[in-house]
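Please read the structure below before turning to the comments.
The values are calculated or read from the model by the stated rules, or taken from the named source; none is laboratory data. Since the model is a prediction, treat every value here as computed from it, not as a measurement. Note that each Cβ is placed from the backbone with ideal geometry, even for glycine, and that neighbours are counted across all protein chains shown. All accessible areas refer to the heavy atoms of the entire protein, side chains included, with ligands and DNA or RNA removed. Shrake-Rupley method; radii C 1.70, N 1.55, O 1.52, S 1.80 Å.
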Amino acid sequence: MGIPKPPRGKLSLSILATIICALAFLVLLYTESISFFSSSSIFRFKPCARRYAAKKSATEKRKVDAALKRATDDRFVFDPEECSLNQGKWVFNRTIKPLYTDTTCPYLDRQVSCVKNGKRDFDYQHWEWEPDDCILPRFDPKTALQKLQGKRIMFVGDSLQRGQWQSLVCLVESVIPQGEKSMKRGRMHNVFKAKEYNATIEFYWAPFLVESNSDLHIIADPKKRILKVDSVAKHAKHWTGVDILVFNTYVWWMSGLKIKSLWGSFANGEEGFQELDAPVSYTIGLKTWANWVDTNINPNKTKVFFTTMSPTHQRSADWGNEKGIKCFNETKPIRNKWHWGTGSDKRVMSAVVDVVGKMKTPVTVLNITQLSEYRIDGHSSIYTETGGRLLTDEEKEDPLHYADCIHWCIPGVPDTWNRILYAHLLYL
């Protein structure tokens, strides 16, 4: 007799059992964490969940990170009495987009319409100011208009203040129906009206706050400018009856020359002025403004703000870029905490603190200087105009002489100034 063959059924069963065991072992390897197959092993298996997580888009990851950050954020909600807004950092957040563009808002000057003027780096629009100790509320156009309902808000000052005014107009105008808004422009006084809210957002041109011979017809040569440092009467008659006044003055004082400061009438000609250092003349002029506010403003009816100086970035060595040309080609904020460049005069800052601190009328200081110091990337640079026309290609290739490192692209940094103003308006 030959050797008996194993029954076919038993053979099939053993093979099937072997296959099942092998599959089970593979599943075990795939789903369980086995120390032998560590992260350093060449036999590394990833569970499906992990592989899925690894393939998540960058956008989803940013959302998760943002949610985790909010969950662990121990900062308190903005309180004007407690929050120090000048201490913080700029955080890049591509998910945050401006509420308007320089093509959708029809009220922007060409001088600050950087994208319309050819700027193609948009990162400057996605930096968000994050105070160290509090959470700055996001700007809500409808809430802002409700706070301004039945009121006049007027920005008073120089071209930087005009930029902040235009920024606020653009922040709110998109939620107002076309037939319910209007703009009236003048040489010194501009008025945007939100008819539905019976509110006006106004700008009054007074670059020194006090009177000068360069107010109406601008004198380009600072050597020929004369300031009447003891009077604001000509300008101030336009400030009465306004519910919210936002003042600023700085850059026009900083010509690097002594200021021809006059007491009395311009009719006295050049005989009546004295040449004073800019901080000295500035302090005298600011005291004149403060006296007018204390004498004429009823704090129960009018809220007064003062915006500190907007930094200029004319010297790249200030932030360690020895080979740079002013703010030209800068694409990121300065990371050095408490950076303070030569474009911001601390003597002027001290004058503001001293004069405002002694006033009997409450004045809220919007301290935008330190946070703006970091933003070397936010200026108009070569994407601007001069003499009422855009820079030519030849002029753009000469940033040393033509890059504007004083004014800001809008939308941009001035939107943050208005976000701070908005935060204060919520408490009115």
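Condition check ((1) open to solvent by 30 Å² or more (accessible area, probe 1.4 Å); (2) part of a loop (DSSP other than H, G, I, E, B); (3) without any contact (Cβ under 8 Å) to a residue 60 or more places away in the chain) across all residues:
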{"residue": "241", "(1), (2), (3)": "yes, yes, no"}
{"residue": "245", "(1), (2), (3)": "no, no, no"}
{"residue": "249", "(1), (2), (3)": "no, yes, no"}
{"residue": "285", "(1), (2), (3)": "no, no, no"}
{"residue": "290", "(1), (2), (3)": "no, no, no"}
{"residue": "301", "(1), (2), (3)": "yes, yes, yes"}
{"residue": "304", "(1), (2), (3)": "no, no, no"}
Anything in the stretch 271-283 that is among the aliphatic types (A, V, I, L, M) and outside any helix (DSSP H, G or I)? List them, or say none. 276
Checked 342, 312, 369 against criteria (surrounded by fewer than 17 Cβ atoms within 10 Å (Cβ to Cβ), of a type in the set (Ser, Thr, Tyr) and touching a residue at least 12 places away in the same chain (Cβ under 8 Å)); the one match is 342
Subset of the stretch 56-91, residues open to solvent by less than 80 Å² (accessible area, probe 1.4 Å), touching a strand residue (DSSP E or B) at 6+ places or on another chain (Cβ under 6 Å) and at pLDDT 85 or above, comes to 78, 83, 85, 88, 90, 91
Output the residue which, of all residues in the stretch 222-238 that are outside any helix (DSSP H, G or I) and in contact with a helix residue (DSSP H, G or I) (Cβ under 8 Å, 6 or more places away or on another chain), is surrounded by the fewest Cβ atoms within 10 Å (Cβ to Cβ). 230
Scanning the stretch 97-111 for residues that are out of contact with any helix residue (DSSP H, G or I) (no Cβ under 6 Å at 6 or more places or on another chain) and under 20 Å from residue 377 (Cα atoms) gives 97, 101, 102, 109, 110, 111
Hey, can you tell me all the residues within the stretch 114-144 that are of a type outside the set (Ser, Thr, Tyr), surrounded by fewer than 16 Cβ atoms within 10 Å (Cβ to Cβ) and closer than 18 Å to residue 426 by Cα? 135, 137, 138, 142
Within the stretch 96-113, is there a residue that is in a strand (DSSP E or B) and either of a type in the set (A, V, I, L, M) or buried (at least 20 other Cβ atoms within 10 Å of the Cβ) (or both)? no
Contact list, first residue from the stretch 381-404 and without any contact (Cβ under 8 Å) to a residue 12 or more places away in the chain and under 13 Å from residue 114 (Cα atoms), second anywhere and basic (Lys, Arg) and part of a loop (DSSP other than H, G, I, E, B), beta-carbon distance below 7 Å, six or more apart or interchain, is none
Kindly list, by first and then second residue, each pair from a residue in the stretch 345-366 that is more than 13 Å from residue 245 (Cβ to Cβ) to a residue that is open to solvent by 70 Å² or more (accessible area, probe 1.4 Å), limited to pairs with Cβ atoms under 7 Å and residues at least 6 apart or on different chains. 355/287
From 255, 261, grab the single residue that is open to solvent by 20 Å² or more (accessible area, probe 1.4 Å), small (Gly, Ala, Ser), closer than 20 Å to residue 205 by Cα and not in a helix (DSSP H, G or I). 255
From (1) small (Gly, Ala, Ser); (2) over 30 Å from residue 84 (Cβ atoms); (3) without any contact (Cβ under 8 Å) to a residue 60 or more places away in the chain, pick out the condition that doesn't hold for residue 113. (3)
